[in-house]
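First comes the structure, then the notes that go with it.
The values are calculated or read from the model by the stated rules, or taken from the named source; none is laboratory data. Quick caveat: nothing in here was measured; it's all calculated off a predicted structure. Positions of Cβ are generated from backbone atoms using ideal geometry, with glycine treated the same way; all protein chains shown enter the neighbour counts.
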Amino acid sequence: TVYGGHEHVLRQTLVALCAGTSLTEHDGPDEATLIVLRGRVRLHAGEDTWEGRTGDLLAIPPARHSLEAVEDSVTVLTVATSSSRHTTPPSGEGIQQ
């Protein structure tokens, strides 16, 4: 579960990936979840891998991780960030084919 409140900012991002593409490994220091709206994805963190299908909610670990689209997929990423750390990420950063 991701908690908001007046000391946190909730940021939601719609992420669409074509089958076979991925978001490269990156740090995940904040609380985050991923809802799979359509398709199938794999979340990799170290030695662990979780698979999400349409309707699944994945808790993203606060560690380096990557996301792979097994099928054409649409997901909603929700991140809770301390309001003092809130920044806007660059668009399209880290997408690989």
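Residue under question is Leu10, and the condition is that it be among the hydrophobic types (A, V, I, L, M, F, W, C), within 18 Å of Ser82 (Cβ to Cβ) and either over 12 Å from the mean Cα position of the chain (by Cα) or loosely packed, with under 15 Cβ neighbours inside 10 Å (or both); does it hold?
Considered against the rule, which asks whether it is among the hydrophobic types (A, V, I, L, M, F, W, C), within 18 Å of Ser82 (Cβ to Cβ) and either over 12 Å from the mean Cα position of the chain (by Cα) or loosely packed, with under 15 Cβ neighbours inside 10 Å (or both), Leu10 comes out as yes.
Against the conditions (1) surrounded by 13 or more Cβ atoms within 10 Å (Cβ to Cβ); (2) over 10 Å from the mean Cα position of the chain (by Cα); (3) part of a loop (DSSP other than H, G, I, E, B), where does Ala16 fall short? Just the number, please.
(3)
Report, by residue number, each residue of segment 63-79 that is modelled with pLDDT under 95 and β-branched (Val, Ile, Thr).
Scanning segment 63-79 gives Thr78, Val79.
Rundown of residues vs (1) surrounded by fewer than 19 Cβ atoms within 10 Å (Cβ to Cβ); (2) in contact with a strand residue (DSSP E or B) (Cβ under 8 Å, 6 or more places away or on another chain); (3) assigned to a strand (DSSP E or B), yes/no style:
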position	(1), (2), (3)
Gly28	yes, yes, no
Leu34	no, yes, yes
Trp50	yes, yes, yes
Val74	yes, yes, yes
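Looking at segment 16-43, which of its residues are more than 20 Å from Ala80 (Cα to Cα) and not small (Gly, Ala, Ser)?
Leu17, Cys18, Thr21, Thr24, Arg38, Arg40, Val41, Arg42
Step by step: first the residues of segment 1-13, then only those that are outside any loop (DSSP other than H, G, I, E, B) and touching a helix residue (DSSP H, G or I) at 6+ places or on another chain (Cβ under 7 Å), then the one that is modelled with the lowest pLDDT. Which residue is that?
If we take residues in segment 1-13 being outside any loop (DSSP other than H, G, I, E, B) and touching a helix residue (DSSP H, G or I) at 6+ places or on another chain (Cβ under 7 Å), then His8 is modelled with the lowest pLDDT.
Filter segment 36-48 down to the residues that are among the small types (Gly, Ala, Ser) and either assigned to a strand (DSSP E or B) or in contact with a strand residue (DSSP E or B) (Cβ under 6 Å, 6 or more places away or on another chain) (or both) and list them by number.
Gly39, Ala45
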